Amino acid sequence: MPDFHREFLAYLLATLLLALLFASTQWALLVSIERGDLQSAASYGVKVKSFTGAKPELKSMDIQVKDLILQARWGTNLLLLLLGFILLSGIVRTPEPALVTRAKVSPSPGLVERVLSWWPEPNPSLSPILLPVLYLLTGLSLVTLFRLCPALVATKPISQNAVYLTMFQRQVYFVLAGIAAAALVYIILSQPRWLLRLKTLNWWIPALLNVILIVITIKFGVTINYRRLWIRVGSMNVQTIELGKIFMLIFLVNYFYRVRLFGWIIGWARDKHRRRLYWWLKHQSLAFVFYAVGLFPIVYQRDFGPILLFAFLYIALSYAWSCEFWTPLFLIVVFLIIGVGFYHVGWPSILVTRVELLKDPWSSVVGRVDSSQLANALWAFGASGFDGVGLGVGLPHRVQGVYAEFILAAIAEETGIIGALLVIGLYGWMLYGIYTTARNAGSYESFLGIGIMLMLGFQTLIIFGGITGTIFLTGITIPFLSYGGSSVVSSFVLIGMVLALRQRRRG
Amino acid sequence: MRTQFQTSSLRLFLILCGGLVIIAGRLVMLAFDAKLETKTFEQTNRVMRVKEAIAKGVIVCKRNEVAINWSLIEQLFPEEASAYRKDIEAASQAGALSCSAKPMVIVPPDVDVTELPLPSLKQELKKGNIYLEREAIKQKEISDPALRNAVAKAVTAGVLVRGVEFEESTFTESNPRLRQDRGLLYRGNIFDRNGKLLAETSGEGASRVRRRYPLSEKTFHILGYVGHPADPSASEGLEAVLAPIFRQDDTRYEALFKLDKGLFTRLLSLFKGEIVIPDLKKPPNFTLTIDQDLTELAWKLFEPYNHGALVCLEIPTGEVLAVVSKPSMNPESDMATWRKALDDRAREQRFLRRVWKQRYFPGSSFKIITSMIALDEQVIPNQALDFSINLTGEFRPCDYGKAIKGRKPGKLRLDEALAISDNEFFARLAVEHLACPRLFTALGSRGFYEGFSLLPEELRQLDSKGYFTVVPNQLTSKGEQICPAKGFDDCMLARSGIGQQDVQVTPLWMAFVVSAIANGGSAPLPYLVKRAVEYDEAAQPTNMKEYRRTENRTLMAPQTAAALRDMMSLVTKSFTRRTANNQTYSVYGTASRAFNGVTYQVAGKTGTAETGHKTNHTWFVCFGPLPQPRYAMAIVVENLPENSAGGRISAPIARGLFDYLVTNSTTEPAIDFQTQGPDLPTGAD
């Protein structure tokens, strides 16, 4: 079966599933809102004209919620999402038009031909399953937000619920913006010279950019929940670490790629048994210092999710670089010592809090947050069972921040272990898609691709481990699943890079 | 190089997959962990904040009441003032803060404690050498003179003060799913004893469905509420207790939401814009022991007063007929009113179920209990009502404080002393006849320090928050422990004997005591829920459960009860007696004016408790109509001006109720459990 057909079939199935879930969710919500009224009607055996007739009365909270559901128009939004993904697939799959070829050979191309000469040729190494899987993941995120929004609106006081009212709609726009960003990144990186620029970019430039970005955030950022991780751009708060994450990735990938080539050329492998530490010091210590300096402002921000992510990434990339176990083992020991040291010093306090929370999620610990967040999430997971309590019936909205990091708790509670494992499986599939794409690409490209796979994978693992109480809880977004513009767009930028990973044209 | 990298990247991918598999395993483990559901979350953080506030003197005990120094919070914890305020407020609302019987060391911010030997003070506290007596801190057996000085200094500096006890379990969070409420759909109606509606779910048109309470604020403390505009998922009172029962049948309802069931119907109904819910079961209805008309009348009579409590019991059955607890709250209020009420929760105490959750000083109404113990323990032999004590007009059992004043010097009989409520008589009775531990041990053996639930056995487990648990009465210093040695002197005993200072009781308990007196020494414990009716799918009643108290609790011997009944019947009368010299004299019972000219006879006791804030609580406890009393009442009106007395404030309310009860009680037989069929309320739907 050609890739194109497989992709089409996958989109079709995913759309069907999503439509079913959306319809179920809406049905559940409408019933739960209308149910009081339906009692009398049902006892008479009468069918109720439910929501189409009543004139809204703004005083009543129910009606506000109902309006929201009617306004949300999931059908339109699902189509919009599908359209976005199909366009992206189309851009990736469509061969270059004849004009482009002509532009490339023509000595004096016109404007249209100039613009079209950017059209990338299709990427044969791209996994056909990657985009449909992402479509299903973002769709699941939207279904869950669609279900959560009214519940969150209903439980929070009016003054605080403005953000929940529009959460679903905003996430749709975020995803569309993300798709556009991915398309842009794909088109740019498909140009060999831009890829070359990225490949030859000095590793300290993104490292420095990351530091500057974080320092700017610390200086001019917006404080939410005692932490200053956002910068206000227009009417939106942008979480800068999401951009910094990409910088950090490019820094590490470029550095390790360079060093690896270098090391290969001068043949360190020959005497690696004698001079391992020497080599490490010579080639990695500088990067490590840069890396540590880059992390320091994030430590200051008390944002431990990214730090853990970068630590994992550093270790994994150093392994990918050296293909032997000693360097990563050494690094693991170093990181552990640093981590345990910080924990024993008791600074920053949030680290201690989180570790204590992992040790005993059933009591709050000394610190600023007295949060039953994890306990609530565990209750939600515990309520899930095999097929869940049913969409719209559970109480996932009792988990604080369920729309962001804890969105898996909502999915698990209402669709059960089936839904949760579907999500886990989709992540595995997505990683596989990135892996196969990277494997088939050129040497730098495959290194970058593995870096992206590691970043998305570790990010998923860290947060899923955190919310299920497997490792300590750190605030980091779930790529494609949790609510938030910065996270969605930055994840799509990474995917845009993956789309552009190809075997270099020979000759 | 290429192959090496391919190996390492494959390994890395597999590591990630391994991580995902671990997460999946963990999810499966969590999903099928049966223990998870019932675990609770302890908010140790909040507990520590409140403890810190106590240690730093933010929460102190003043005049037997917990006082919170709000301004000090900002000063002490400038960064987290709001968190501290929130937690302390929550603790005080939950009733978790109370004055303890022990002194403790606190460190106020403006006091220099460097000179005070705090550790050794704490040691002495532990040994019990520094103790609390009449709210004053005393010391004994401290040999070191420097330490003695330090104690005095610490007391004057406010470092050694009466302690505050904090019940930590207040800040425990449990799984919200255990008390999840499906909303109004499955809530049955609640009726009063005569089948009149107390709560129903009704409404026309989409989204206007509301839980309606015809008596609005009058039944608030019993029924509670289900959802208010600020938090639709909150509930309290009987509505919260019954939620799991209303939930029992909604598994079918839940099944409608699952992915695998009714999918086609669901899609079809969405397509048509109609919602079809298959046959639903009618939820069970409940009948309370409350009498709606009597409750309305009681509230009307209570109208002039802003704070207070009233409870009316049916003596033979123990059914609670009417409850007044003011101030109250209309559960159907709009958002603004609710917000205000929730904000003022601590100050206004609208949510406090005064009848069984608030302890009051009983004042003179406690004299019936003093007499009860004296008669029942044979301190007064053979239940002789002519037992008399020589009075001097003033009683000074110890060498400090005010003397207890009597009406006049001379000999006074027991029954007359109760009728005119003579303080000196009962103070002497407590001190001179009932020696110290006796009063308290006798009270203990009669269940004075025990709480009980107003709900039947089946419903009691559902009341996890204890909305209907009667708080135990209190002696601020528990007699039998503290009596002989540790400074519980005669002064305290004398004041306890007349219901001041150390004794605190709930109105419900007092009503229960008088109903036991009326019922010959024992009575069933009061209860609230009369019956439940379940329905099948055709809305036909299938099952009816009667909740009844079958056992009586014995408080005293029948002879004691008879004697007390005779004594208490004098309180509402004015009568003449002859002395031994054949001189006549008149005795005016303290409630005689209120019951002037009634055609029936009521026995009771007035009470006026000094709160220490220049205000009085006025009490009236009574039963009637004699000779076969059917109703018992306890009425407390709070915070009246100092010259108010029970006979003038509370007793007229009782009279108003008895006027109604006597004229209307002929319609229903007193106790007729056997012949009374299942009177299913008509118009219940």
ask   = Restricting attention to region B:23-39, and to residues there that are among the aliphatic types (A, V, I, L, M) and more than 7 Å from every other protein chain (Cβ to nearest Cβ), which single residue is surrounded by the most Cβ atoms within 10 Å (Cβ to Cβ)?
value = B:Met29
inquiry  = As an exercise: evaluate A:Ser487 against (1) within 23 Å of A:Thr25 (Cβ to Cβ); (2) not in a helix (DSSP H, G or I) and give the number of the one condition it does not meet.
reply    = (2)
ask   = What do you reckon, is B:Glu52 closer than 26 Å to B:Leu132 by Cβ, surrounded by fewer than 16 Cβ atoms within 10 Å (Cβ to Cβ) and out of contact with any strand residue (DSSP E or B) (no Cβ under 7 Å at 6 or more places or on another chain)?
value = yes
note = Just one listed residue, out of A:Leu456, A:Leu481, A:Leu501, A:Leu473, is among the hydrophobic types (A, V, I, L, M, F, W, C) and outside any loop (DSSP other than H, G, I, E, B), and it is A:Leu456
Region A:214-259, residues that are closer than 30 Å to A:Ser322 by Cα, among the aromatic types (Phe, Trp, Tyr) and touching a residue at least 60 places away in the same chain (Cβ under 8 Å) = A:Phe256, A:Tyr257
message = Please count how many residues of region A:399-425 are surrounded by fewer than 21 Cβ atoms within 10 Å (Cβ to Cβ) and either of a type in the set (Phe, Trp, Tyr) or more than 9 Å from chain B (Cβ to nearest Cβ) (or both).
response = 4
remark   = Note on region B:65-74: residues open to solvent by 30 Å² or more (accessible area, probe 1.4 Å) and touching a residue at least 24 places away in the same chain (Cβ under 8 Å) are B:Glu65, B:Val66, B:Ile68
message = Being in a strand (DSSP E or B) and under 18 Å from B:Ile517 (Cβ atoms) is the filter here; which residues of region B:294-319 pass it?
response = B:Val311, B:Cys312, B:Leu313, B:Glu314, B:Glu319
ask   = With respect to B:Gly612, is the statement that it is touching a Lys or Arg at 6+ places or on another chain (Cβ under 7 Å), modelled with pLDDT under 85 and within 21 Å of B:Val513 (Cβ to Cβ) true?
value = no
task = Give the residues of region B:349-379 that are touching a helix residue (DSSP H, G or I) at 6+ places or on another chain (Cβ under 6 Å) and surrounded by fewer than 21 Cβ atoms within 10 Å (Cβ to Cβ), sorted by residue number.
result = B:Arg350, B:Glu377, B:Val379
inquiry  = If a residue must be in contact (Cβ under 8 Å) with a residue 60 or more places away in the chain and part of a strand (DSSP E or B), how many such residues does region B:377-398 contain?
reply    = 1
query = Within region A:420-435, can one find any residue that is outside any helix (DSSP H, G or I) and modelled with pLDDT of 90 or more?
reply = no
query = Based on what the data block shows, is A:Val399 aliphatic (A, V, I, L, M), closer than 27 Å to A:Leu140 by Cβ and more than 25 Å from the chain's Cα centre (by Cα)?
reply = no
query = For B:Leu10, are the conditions met, namely being within 14 Å of chain A (Cβ to nearest Cβ), without any contact (Cβ under 8 Å) to a residue 24 or more places away in the chain and crowded, with 20+ Cβ neighbours inside 10 Å?
reply = no
key: Qualifying helices (runs of 4 or more DSSP H) (wholly inside region A:22-120; at least 1 residues being in contact with a helix residue (DSSP H, G or I) (Cβ under 8 Å, 6 or more places away or on another chain) and modelled with pLDDT of 80 or more)   = A:74-93, A:111-116
message = Every residue in region B:392-444 that is of a type in the set (S, T, N, Q) and either touching a Lys or Arg at 6+ places or on another chain (Cβ under 6 Å) or at pLDDT below 85 (or both), please.
response = B:Thr441
task = Would you check which residues across region A:377-398 are more than 7 Å from chain B (Cβ to nearest Cβ) and open to solvent by 20 Å² or more (accessible area, probe 1.4 Å) and list them?
result = A:Phe386, A:His397
message = Residues that are among the aromatic types (Phe, Trp, Tyr), at least 2 per element: which strands (runs of 3 or more DSSP E) completely within region B:542-603 meet that?
response = B:584-588
Qualifying residue in region A:341-355 (condition: within 13 Å of another protein chain (Cβ to nearest Cβ), open to solvent by 40 Å² or more (accessible area, probe 1.4 Å) and not in a helix (DSSP H, G or I)) = no
task = Being surrounded by fewer than 19 Cβ atoms within 10 Å (Cβ to Cβ) and part of a helix (DSSP H, G or I) is the filter here, so list the residues in region A:440-449 that pass it.
result = A:Ser443
note = A:Ser318 fails exactly one of (1) touching a residue at least 24 places away in the same chain (Cβ under 8 Å); (2) touching a strand residue (DSSP E or B) at 6+ places or on another chain (Cβ under 9 Å), namely (2)
ask   = If you take the residues in region A:463-493 that are within 9 Å of chain B (Cβ to nearest Cβ) and open to solvent by less than 10 Å² (accessible area, probe 1.4 Å), which one is farthest from A:Thr353 (Cα to Cα)?
value = A:Phe464
ask   = Mind checking whether some residue in region B:399-408 is within 33 Å of the chain's Cα centre (by Cα), over 20 Å from B:Thr560 (Cβ atoms) and not in a loop (DSSP other than H, G, I, E, B)?
value = yes
message = Conditions first: (1) modelled with pLDDT of 85 or more; (2) within 13 Å of another protein chain (Cβ to nearest Cβ); (3) surrounded by 14 or more Cβ atoms within 10 Å (Cβ to Cβ); (4) more than 26 Å from the chain's Cα centre (by Cα). A:Lys359 passes all but one, so which condition is the exception?
response = (3)
inquiry  = I need the full set of residues from region B:361-391 which are modelled with pLDDT of 85 or more, of a type outside the set (A, V, I, L, M, F, W, C) and within 11 Å of B:Ala563 (Cα to Cα), in order please.
reply    = B:Ser371, B:Asp376
request  = Being modelled with pLDDT of 90 or more and basic (Lys, Arg) is the filter here, so list the residues in region B:327-356 that pass it.
outcome  = B:Arg353, B:Arg354
query = Is it the case that some residue within region A:411-433 is out of contact with any Lys or Arg (no Cβ under 8 Å at 6 or more places or on another chain), without any contact (Cβ under 8 Å) to a residue 60 or more places away in the chain and more than 17 Å from B:Ala24 (Cβ to Cβ)?
reply = no
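The values are calculated or read from the model by the stated rules, or taken from the named source; none is laboratory data. The structure presented is a predicted model; accordingly, all values stated were derived computationally and were not measured. Neighbour counts run over all protein chains shown; Cβ positions are idealised from the backbone, glycine included. Heads up: the accessible areas ignore ligands, DNA and RNA and are worked out on the full protein's heavy atoms, side chains in. Shrake-Rupley method; radii C 1.70, N 1.55, O 1.52, S 1.80 Å.
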